[in-house]
Amino acid sequence: MHPDFRFVVSCACNDDLRAAIPWAGHEHKGREGYQRLTTLLFSEYELLTFETKRFTEPGSQVFVEGHFRLRHRETAKIADSDFLARLEMRDGKIVCGQMYENTAAVADARHSD
């Protein structure tokens, strides 16, 4: 991992998003930020499907298109979404990235009916 690593799910300046999804709407920095992000996500959701469909490499950026399907561990509700990830690379390592997904589906799966 690059020492300047930063990652954002959706955007880093949205209080409503932070309230709906604990790991979204924040900038996760360094190894500790990455560990917090993945711990929060995978302690709450079981990954059912994660498929990448296309990679685009324009210079120092990589764009990844794909699809994921998650099951919430408590509600058993499914979050199903296409995604686009933008990754900035330096010296073969991810420096920063941003994930665009259906955050409404992810937030909805956290709540029982």
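The values are calculated or read from the model by the stated rules, or taken from the named source; none is laboratory data. Source: prediction; values computed, not measured. Counting neighbours? That spans all protein chains shown, and the Cβs are built from the backbone with ideal geometry, glycine included. Accessible surface areas use protein heavy atoms only, side chains included; no ligands, DNA or RNA. Shrake-Rupley method; radii C 1.70, N 1.55, O 1.52, S 1.80 Å.
In a GNM of the chain with a 10 Å cut-off on Cα contacts, which of Asp91, Asp15, Asp80 has the highest mean-square fluctuation?
Judging by the Gaussian network model, the answer is Asp91.
List the aspartates and glutamates whose Cα sits under 12 Å from the Cα of Lys53, skipping any in the same chain fewer than 8 residues away.
Glu65, Asp82
Please list, or write none, the lysines whose alpha carbon is within less than 17 Å of the alpha carbon of Lys77, excluding same-chain residues fewer than 8 places away.
none
Taking only protein heavy atoms and a 1.4 Å probe, what accessible area per residue, in Å², does the stretch 39-106 have with all protein chains in place? All intermediate terms of the calculation are to be shown ahead of the outcome.
Working: 4030 Å² over 68 residues.
That works out to 59 Å² per residue.
Can you give me the % of accessible surface on the stretch 1-103 that is carbon or sulfur? Probe 1.4 Å, all protein chains present, nothing else counted.
Carbon and sulfur: 48 percent of the exposed surface of the stretch 1-103.
I'd like the orientation of helix 30-44 relative to the chain: the angle between its Cα long axis and the longest Cα principal axis, in ° from 0 to 90, rounded to 10.
Result, in degrees: 20.
From Cα coordinates alone, what are the radius of gyration and Dmax values for the chain in angstrom?
14.2, 47
Can you list which of the GluC sites (Glu not before Pro) found in the stretch 5-113 are DSSP loop residues with at most 14 other C-beta atoms within 10 Å?
Glu74
May I ask you to list the aspartates and glutamates whose Cα is less than 13 Å away from that of Lys29, ignoring any residue fewer than eight positions away on the same chain?
Lys29 reaches Asp4.
Among DSSP beta bridges whose residues both lie in the chain, state the antiparallel percentage, nearest 5.
Details: 32 of 36 bridges.
Of all bridge pairs located within the chain, approximately 90 percent are antiparallel.
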